[in-house]
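Trainee: Dropping a structure here in structure tokens format, bear with me for questions.
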Amino acid sequence: MYDKYQSPLSERYASKEMQYLFSPDKKFRTWRRLWIALAETEKELGLPITQEQIEELKTYQDDINYETAKERERLVRHDVMSHVFAYGEQCPKAKGIIHLGATSCYVGDNTDLIIMTEALRLVRKKLINVMAELARFAEHYKDQPTLAFTHFQPAQPTTVGKRATLWLQELCLDLEDLDHVLGSMKLLGSKGTTGTQASFLELFEGDHEKCRRADQMIAEKMGFSDCYPVSGQTYSRKVDTRVVNVLAGIAQSAHKFSNDIRLLQHLKEVEEPFEKNQIGSSAMAYKRNPMRSERIASLSNYVMSDVMNPMLVASTQWFERTLDDSANKRLSIPEGFLAVDGILDLYLNVVDGLVVYPKVIEKHFMAELPFMATENIMMDAVKAGGDRQELHERIRRLSMEAGQNVKEKGLDNNLLELIAADPAFGLSLEELKKCMEPSRYVGRAPRQVEEFLAEMIQPILEKNRDVLGMKAEITV
């Protein structure tokens, strides 16, 4: 195992559940389910197929003779026909009706659509669990004042919980997109070599209605409500673009979250989980690097760049089909899903173990609060009889002096002392310090958290109670 390339998506990042969805075993089992669905449909629509033949197909549905298929593929260089041959070896009575009227894309494309749909459902499950964990975090810290930042410069305060709702709202948008795409997924059905269903029209002796019903019946047997009404040999590759766009949207949101956590960890205000025996640096033993958040960012970059693959494939398909999509699809679709799967596991792991340091947050907050409280101080002084324009100019000059003390001399912020010493304000240091209650400056942030969670998030979580409770384990 050490002498050939191993994908890090399988070795380090993606869950076993997601890996199985894109495994050969899942693919070939799905092929056999599709062949059974086709045979059942053809029998029900009047073709001379027996129940005995169908039962024989079902007997070997999950008992795949891989070695026979491999040996046959070495000879004929065609994967679908190799598996038709192998299935026929196990099912001699049904051998002649396997794949009847179908082309390779009947199993290939329908399987891709089935697997992408199941993979989207798994992504959805993990996304909702991340949202639930973020909601708990936001509720817990809804009242914790903290410096907000615009341009990464201290700005009007917010709360730790309110900031978490910004991350959460982006995931809400992702869920909306995911549900839209998931709700629109259809099967290709049995369209034939150029999408005209000519072979099925021949089988059903010119009965157009039976051709139409065949598509619908196969879709229902495979758990879908419908098939795409028209196609070439393949389903439109724009479907792949829509799917990967959803994955990229989740990656965008996760990247934004990871950036914020990395910056907060630099400030020592919030820290991602750090295990007892974890090593942050091979050289600097004291370091606690935000490894998980960095990995989220790295994998997210990969997924966002992956969007170009299905776009290029879809835009360059010729007429009813070409095969230059195949190799690209084998890479871009599974790896996009595997990467997002790893991203969501990391996201859940980080949020579940986030450590908040209120004392550090308060220290940073109080160092900047005098500047932010100047408007309130000015209003109090005006109420006591001061001139607003004059006081504004005085505060401006005193703020510049205090800022100079902090930046050039390394001193603490002494703006309050400077204001107290200026008789124009008529306020004592004691009175000024009463203005320094952090909760006075966070506006509606706590209420916004409550309203957002109650009105937007709780209905989603309540509706999806059956998928909650996941815990994420990361490999490295």
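Trainee: Mind checking Rg over Rh on the range 219-371, alpha carbons, Kirkwood formula for Rh?
Mentor: Rounded to two decimals, Rg/Rh equals 1.17.
Trainee: Oh, and also: Please report, in debye to the nearest 20, how large the charge dipole of the chain is about its Cα centre when each Lys and Arg carries +1 at its beta carbon and each Asp and Glu carries -1 there.
Mentor: The calculation lands at about 560 debye.
Trainee: I've got another one for you. Stokes-Einstein D for the range 157-222 at 37 °C, 0.692 mPa s, Kirkwood Rh over Cα pairs, in µm²/s?
Mentor: Estimated diffusion coefficient is 211 µm²/s.
Trainee: Okay, next question. Find, among the trypsin sites (Lys or Arg not before Pro) in the range 56-115, those assigned to loop by DSSP (not H, G, I, E, B) with at most 12 other beta-carbon atoms within 10 angstrom.
Mentor: Arg77
Trainee: Enumerate the aspartates and glutamates that Lys407 could reach by cross-link, defined here as Cα to Cα under 20 Å, with residues fewer than 8 away along the same chain left out.
Mentor: Here the aspartates and glutamates satisfying the reach criterion relative to Lys407 are Glu362, Glu368, Glu417.
Trainee: In square nanometres, what is the average projected area of the Cα convex hull of the range 361-441?
Mentor: Computing the convex hull of the Cα atoms and averaging its projections yields 5.1 nm².
Trainee: Loop-only check: which chymotrypsin sites (Phe, Trp or Tyr not before Pro) in the range 136-231 are DSSP coil with at most 13 other Cβ within 10 angstrom?
Mentor: Answer in residue order: Phe152.
Trainee: So how strong a dipole does the range 361-441 carry about its Cα centre when Lys and Arg Cβ are +1 and Asp and Glu Cβ are -1, to the nearest 20 debye?
Mentor: Once rounded to the nearest 20, the dipole reads 120 debye.
Trainee: Quick one: divide the alpha-carbon radius of gyration of the range 406-453 by 2.2 N^0.38 Å and tell me what you get.
Mentor: Normalised by 2.2 N^0.38 Å, the Cα Rg of the range 406-453 equals 1.68.
Trainee: When the expected Rg is taken as 2.2 N^0.38 Å, what fraction or multiple of it is the alpha-carbon Rg of the range 1-145?
Mentor: 1.46
Trainee: Hey, what number do you get for the chain at 222 nm if only DSSP H runs of n ≥ 4 count, each worth -39500 (n - 2.57), divided across all residues, to the nearest 500?
Mentor: Mean residue ellipticity at 222 nm (helix-derived): -20000 deg cm²/dmol.
Trainee: Defining a contact as two alpha carbons under 8 Å apart and six or more residues distant in sequence, what relative contact order in percent does the chain show?
Mentor: Contact order relative to length: 19 percent.
Trainee: Hey, any idea what Rg/Rh is for the chain, computing Rh the Kirkwood way over Cα pairs?
Mentor: Rg/Rh for the chain comes to 1.16.
Trainee: If you take the charge dipole of the chain about its Cα centre, with +1 on Lys and Arg Cβ and -1 on Asp and Glu Cβ, which of Gln197, Val107, Cys435 is farthest toward its positive end?
Mentor: Highest projection toward the positive end goes to Cys435.
Trainee: Wrap a convex hull around the Cα atoms of the range 357-400, take a quarter of its surface area, and give that in square nanometres.
Mentor: 3.4 nm²
Trainee: Over 21 Å between Cα atoms: which of Lys27/Lys329; Lys26/Lys70; Lys70/Lys191; Lys70/Lys221; Lys142/Lys268 fall into that group?
Mentor: Lys70/Lys191; Lys70/Lys221
Trainee: If you average 1/r over all unlike Cα pairs in the range 65-190 and invert the result, what Kirkwood radius do you get in angstrom?
Mentor: 19.2 Å
Trainee: Next up: Against the 2.2 N^0.38 Å scaling, with N counting residues, where does the range 329-476 land? I'd like the Cα-based Rg ratio to two decimal places.
Mentor: 1.67
Trainee: Let me know the volume per residue of the alpha-carbon convex hull for the range 111-263, in Å³.
Mentor: Roughly 118 Å³ of hull volume per residue.
Readers should treat all values here as calculations from the given coordinates under stated rules, not as data from a laboratory. Nothing here was measured: the structure is a model prediction, and the numbers come from that model. Cβ atoms come from the backbone with ideal geometry, glycine included; neighbour counts cover every protein chain shown.
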